Structure formats: C-alpha cells, structure tokens
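S.K.: One structure is given below, represented as structure tokens, and several questions about it will come after.
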Amino acid sequence: MNENRTLKGKTAIVTGGSRGIGEAVTYKLASLGANIAIIYAGNEEAAKKTSDKCREEFGVEVKTYRLDVSDFSAAKETVSEIKKDFGTVHILINNAGITRDNLLAMMKEEDFDAVLDTNLKGAFNMIRHTAGMFIRNHEGCIINISSVAGLLGNPGQCNYSASKAGLIGLTKSVARELSQKGIRCNAVAPGFIATDMTANQSDNPLLERIPLGRMGSVEDIADAVEYLVFASYVTGEVLKVDGGIAM
C-alpha cells in the first residue's frame with residue numbers, strides 16, 4: 001500500500017456494501033486501511049462473506065448492519081449504532097440501489113415509488129443522519145453512486161433514471177451546503193457495469209454505443225471511488241465511468 005494514500009484510522013459506511021459495486025468498493029477502502037460499516041438489505045450470508053474477507057485479508061475492523069435505507073427512522077438508529085461501534089464516521093458511500101424496470105405506460109406506482117425511495121431517499125437519509133458527525137469532525141467525504149441513466153435516460157427505466165438524476169442534484173446541493181464545513185460530496189456515474197443487476201441488459205442496444213466496446217467492471221468503479229476519496233479539491237462533481245457512452 002502507498003503510505004501516502006492510506007485510510008488507516010478512518011471509518012467508512014458503504015450501503016449495499018456486500019455485493020456488486022458495493023462489494024468492490026468495500027474491498028478497495030479496506031485495502032487502504034479503512035474500517036468498514038457494511039449496510040445490507042437482506043442477504044446476511046453475502047454480508048458476512050464480505051466482512052470476513054475484509055477482516056482476514058486487510059486486518060481492518062468490520063461490522064455489518066441490516067437496514068432498509070429508505071426508512072428514515074431506521075437509518076437514524078443504524079447510524080447511531082455505527083457511531084457507538086466505531087466512534088465516528090469519515091466516509092459515506094451511498095451505493096444501495098434497486099431496479100424495477102418496465103415501460104412507462106405499464107409501470108406500477110409502487111414500482112416507481114420503491115426505486116425512488118431506495119435509490120434517492122435512501123441516500124438523503126444516510127447523509128442527513130451522518131452530517132452531524134462530519135460537521136463536528138470538520139471533515140467528511142460523501143460519494144453517491146449515480147448512473148449514466150441519470151444523464152441520458154434509459155427506455156424502460158424512468159424510475160431508475162429519475163432516481164439517479166435526483167442523486168446528481170442531491171450531490172451538488174449537499175456539496176454547496178456543506179463545503180465550508182470541510183465536507184466534500186461527489187458522485188460516480190457508472191455506465192454498463194457487469195453485475196447481477198445488469199445481467200438482463202446484455203441485449204440492450206445502448207451497449208453497441210460504448211466507444212470502448214465493452215462493459216466495465218466493478219473494480220473500475222472502486223478505482224473512481226478511491227480517486228474521489230483522496231481528491232481534496234474536488235466537490236460537486238459527477239465522475240462518469242462509462243467507457244465513453246455519455247461523452
């Protein structure tokens with residue numbers, strides 16, 4: 001590890017941190033020395049597997065917390081638990097997200113609401129409840145995992161695209177509001193990344209428009225998160241990691 005790029009002594013929360021992009025981000029931050037609070041929605045086995053690997057391979061402190069991030073009160077309670085367990089928090093990665101795809105004309109109201117509640121309101125809930133710690137510490141790094149779908153739109157994903165576009169607006173507003181407190185807020189906008197969530201996107205015509213000619217990896221997103229964690233003069237930015245599809 002490059003000692004100039006260490007997170008030793010820092011604590012990071014990663015929502016949706018046990019699978020896909022969140023898992024890769026968790027490993028990346030742990031490899032840099034950060035202690036990790038993994039938030040997961042329901043797959044306890046995956047969360048345990050991820051936490052065990054962080055503990056065994058990187059020697060950091062790791063705890064897991066089951067939480068529906070869309071629940072404001074439950075998010076507050078979980079953040080309080082994390083504070084009690086770790087003392088404070090320095091980094092927040094809002095990665096938790098779901099999809100419930102359908103064409104607009106056939107989309108159910110509950111499917112629209114569920115995606116907005118998890119992807120957008122969930123990020124607000126976590127920022128809202130960790131902001132006090134960041135302000136008291138006079139430092140904080142918030143990274144929201146958005147999507148190029150929030151920049152370009154995507155047929156059959158009006159709920160998902162709206163939630164990810166909302167995350168970009170949230171990112172910029174939080175960055176402006178909290179910057180004088182030493183808190184940075186940025187977003188990463190992945191393109192088509194090979195995960196369980198994109199398994200049904202293999203025939204998406206947008207794939208043919210990727211200039212680099214391939215899907216990205218979860219490690220590509222983790223690398224972008226690492227950059228933003230250490231980029232002390234960057235805030236309010238949206239870092240596209242998309243093979244050029246939204247250039």
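The values are calculated or read from the model by the stated rules, or taken from the named source; none is laboratory data. None of these values were measured; they are calculated from a predicted model. FYI the Cβ positions are ideal-geometry reconstructions off the backbone, even for glycines, and counts take in every protein chain you see.
S.K.: Pick out, from the range 1-110, the strands (runs of 3 or more DSSP E) lying fully within it that include 2 or more residues that are modelled with pLDDT of 95 or more and charged (D, E, K, R). Break it down stepwise before answering.
M.R.: Working: elements: 11-15, 35-40, 62-66, 91-94.
Per the criteria, 62-66.
S.K.: All but one of (1) surrounded by fewer than 16 Cβ atoms within 10 Å (Cβ to Cβ); (2) among the acidic types (Asp, Glu); (3) in contact with a helix residue (DSSP H, G or I) (Cβ under 9 Å, 6 or more places away or on another chain) hold for Glu109, so report the exception by its number.
M.R.: Here Glu109 clears every test but (3).
S.K.: I'm told Asn144 meets every condition in (1) in a helix (DSSP H, G or I); (2) over 12 Å from Thr88 (Cα atoms) except one. Can you identify the failing condition by its number?
M.R.: Checking Asn144 against (1) in a helix (DSSP H, G or I); (2) over 12 Å from Thr88 (Cα atoms), the one that fails is (1).
S.K.: Please verify whether Asp117 is assigned to a helix (DSSP H, G or I), within 14 Å of Gly156 (Cα to Cα), among the charged types (D, E, K, R) and free of Cβ contacts under 8 Å to residues at least 60 places away in the same chain, treating the condition exactly as stated.
M.R.: No, not satisfied.
S.K.: Which one of these is surrounded by 19 or more Cβ atoms within 10 Å (Cβ to Cβ), under 16 Å from the mean Cα position of the chain (by Cα) and in contact (Cβ under 8 Å) with a residue 24 or more places away in the chain: Ile142, Ile183?
M.R.: Numbers: Ile183 fails: under 16 Å from the mean Cα position of the chain (by Cα).
Just one listed residue meets the conditions, Ile142.
S.K.: Could you please find all residues in the range 154-204 being of a type in the set (Val, Ile, Thr) and either out of contact with any Gly (no Cβ under 8 Å at 6 or more places or on another chain) or at pLDDT 95 or above (or both)? Even if it seems obvious, please write down each step before you answer.
M.R.: Kept after step one, since they are of a type in the set (Val, Ile, Thr), are these residues of the range 154-204: 168, 171, 174, 183, 188, 193, 195, 198.
Ile168, Thr171, Val174, Ile183, Val188, Thr198, listed by residue number.
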